[in-house]
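Comments concern the structure below.
The values are calculated or read from the model by the stated rules, or taken from the named source; none is laboratory data. Given the structure is predicted, the values throughout are model-derived calculations rather than measurements. Don't worry about glycine lacking a Cβ; one is built from the backbone with ideal geometry, like all the others, and counts go over all protein chains shown. For the accessible areas, the whole protein counts, side chains as well, though only heavy atoms, and no ligand, DNA or RNA atoms are used. Shrake-Rupley method; radii C 1.70, N 1.55, O 1.52, S 1.80 Å.
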Amino acid sequence: MAEPLWSAEAGGAVYRSRDPVRNLRLRVRIQRVTATGPLPAQASPPPLSTPCGPELLALAARASPGARRRPDEEEEAEVGWQEKLFSQFEVDLYQNESACQTHLDRQYHEEILKLEKVGGRKNYRIFTYTDHDRFTNLEEHCQKVTDSDHEVPSYLAERMANVRRRRQDRKPIEANSLKSKIITWEPSEEFIKNNHVINTPVQTMYIMGDLGPYGKLGQRKYEHVLCTIKVDGNGVITVKPDFTGTKEAYWIELDRQKRELWKYTIENASVQVQQEEEEREQRVFRDLYSRHKEYLSGLVGSEFEMTLPGTLRLFVNGEVVSAQGYEYDNLYVHFFLELPDHWSSPAFQQLSGVTQTCATKAVGWDNVAYFCYPFTLEMFFSQENESEDCLPQWPVIYFEVLSLDFWQRYRVEGYGSLVLPASPGLHILTIPTWRPVELGTVAELRRFFIGGSSELEDMTYVRIPATFKGERLSRFGFRTETTGNVTFRLYCLQQSKAFLETSASRHRVQSILDRLGGFSQQSSVYNVLEAFQRARRRMQEARESLPQDLISTSVSTVHQTQEP
């Protein structure tokens, strides 16, 4: 009974190894399984059916049950990675020194002469092509994607199959001149079409078989690829076809007059690592990983920095993104941070900054200047007496936008303020600005021709100045003009031990945080209350200015409308 065989066109396998690829070894065994002569008449198949594969093997076994094999019909060889085994064609070629043109050819010539001195090559039909040999597997170049007989390979398939051929045909570049540009700033369509394929560095090795008839070895038309091994720099090994460990042998059927059938096996002959060596290797890896972990821990720090009890740490990674809607070009922003009571910052912390001067570009109807200026703020809040009735103030960023002309004259384009967000996370805020103006056209003419404009002596006057101690702050007679706006991007982080407390004591410890979180609504609530108070005062002043008889008449009318 014939044993089942696998076609040599079977798919390959992909392996990954951390060991050096030089330790890879393969054992290949090839054997001719059909008779050397033509099949007898009693073993010939019917005319309408053509035997192939295992059927042909069964016919061959019935045709010559006791036939003896010649030495050239069976061979076994063990091949290492990039180990060169010469074929009969290469021996005949490189024996002649005049046929050697390259340094590799001359090296092969010397190796063949050494083999002749020690009795010739040991292999007969099995040989190899290494990564340095000028060989290209045409079957890979003409490999089909579908099973259609009329398939036309696409341009991408041809380019991918041609990668290895282009890499082998390359010539060394002279060191004194470059043959091509490193960067092509304006690639043409033809350049993009020819260079969009990525050439991954892969080393390839072919294990070949010379399946020619007896006495006709050394002809290129009888060479067949038995196995293809590809290895890249990441330790990925591709073997096609796969090792015949769990499968049966592969077979190759030659469409000649004798209908020859060959079978071969591929085995992994690499030396297996002993258990002691494997354990020693694992210990080395563990030691390496532990040292790397200690190195990373030394960079980061072994202990996580914590804040003091009852203290809130606020860390802000900010960015001045852009400014738009201003009258003049070449803008820059000057800003500083004001810390209210109970707030502090480290000594090394810089609480102010100035962006670079940026030209504007037209975006829609506005002229926009993109700064993308980063800054970092770190501050702490601590309140010793939590029974205080006043709400804590939140830090405020005050900024001014200025413009610079050709004569290095600057003008104030606008003032603004930004209260740092009370909630952590990402915040993108767009703050409108304004600038003070004077009556008449003289100030505007001076601003246009000479430069300079009205400025605030204290930038905190944008909100409530820190030096103000009164009850009412009057801005009566202060003339302003609305200008553009500035966009900020803030990444806020908050750290406090109150976040780690248990739910039982969290209500007591979070009194500071609750009051801080409520400050985000404080300004809007105060504005509403102040509006109601102003309306109430105006109504009271209006009532005082009205005659007394009119007030009594209106009150009596109200009482009459309320009666049922």
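At 7 Å along the Cα-to-beta-carbon direction for both L426 and T307, put a label point, then send me their distance in nm to one decimal. Calculated label separation equals 2.4 nm. Between the stretch 472-497 and the stretch 325-370, what is the separation of their alpha carbon centroids in Å? Measuring centre to centre over Cα atoms gives 12 Å. Under 5 Å between amide hydrogens, built in the peptide plane, is the criterion, and for G218 it picks out Q88, F89 among residues at least 5 positions away or on other chains. What shape does the stretch 211-255 have by the C-alpha gyration tensor, where a ≥ b ≥ c are the square roots of the eigenvalues, rounded means a/c under 1.5, and otherwise prolate means a/b greater than b/c and oblate the rest? Note, shape of the stretch 211-255 comes out oblate. Loop-located trypsin sites (Lys or Arg not before Pro) in the stretch 420-497 (DSSP state not H, G, I, E or B) with no more than 13 neighbouring Cβ atoms inside 10 Å: K469, R472, R475, R479.
A 1.4 Å probe run over the stretch 288-378, with the rest of the protein chains in place, finds 63 Å² accessible per residue. Note on I237 and Y289: the model spin-label points, each 7 Å out from Cα along the C-beta direction, lie 2.2 nm apart.
In the neighborhood of V316, defined by Cβ-to-Cβ distances under 15 Å, what is the net charge if each Lys or Arg adds +1 and each Asp or Glu adds -1?
Summing Lys and Arg as +1 and Asp and Glu as -1 gives -1.
Charged side chains reduced to their Cβ positions (Lys and Arg at +1, Asp and Glu at -1) give the stretch 233-318 a dipole of some 340 debye around its Cα centre.
So, counting K/R as plus one and D/E as minus one, what does the shell of residues with Cβ under 14 Å around E110 add up to? Neighbour charge sum, excluding E110 itself: -1. Ordering Q274, M306, L296 by Cα displacement along the dipole of the stretch 273-314 toward the positive end leaves M306 in first place; charges were set at the Cβ atoms of Lys, Arg (+1) and Asp, Glu (-1). The share of alpha-carbon pairs in the stretch 86-131 lying farther apart than 11 Å comes to 66%. With the simple model of a label 7 Å out from the Cα in the direction of the Cβ, H150 to D92 spans 4.2 nm. For I207, the accessible area of its heavy atoms, probed at 1.4 Å with every protein chain present, is near 0 square angstrom. Taking only the C-alpha atoms of the stretch 399-491, the Rg (one decimal) and the largest Cα-Cα distance, Dmax (whole number), read 15.8, 48 Å. Converting phi to 3J(HN,Hα) with the Karplus coefficients 6.51, -1.76 and 1.60 and the offset θ = phi - 60°, the stretch 419-436 yields 8, 4, x, 7, 10, x, x, 8, 9, 10, 10, 10, 9, x, 10, 8, 9, x Hz in sequence order, with x at every glycine or proline. I'd like the carbon and sulfur percentage of the solvent accessible area for the stretch 272-357, probe radius 1.4 Å, heavy atoms only, ligands and nucleic acids excluded. Here it works out to 52 percent.
Taking 27 Å as the limit for the C-alpha separation, the pairs K230/K293; K117/K216; K117/K221; K114/K230; K114/K263 exceed it in the case of K230/K293; K117/K221; K114/K230; K114/K263. Between V14 and R489, the C-beta separation translates, for a Förster distance of 51 Å, into a calculated FRET efficiency of about 0.65.
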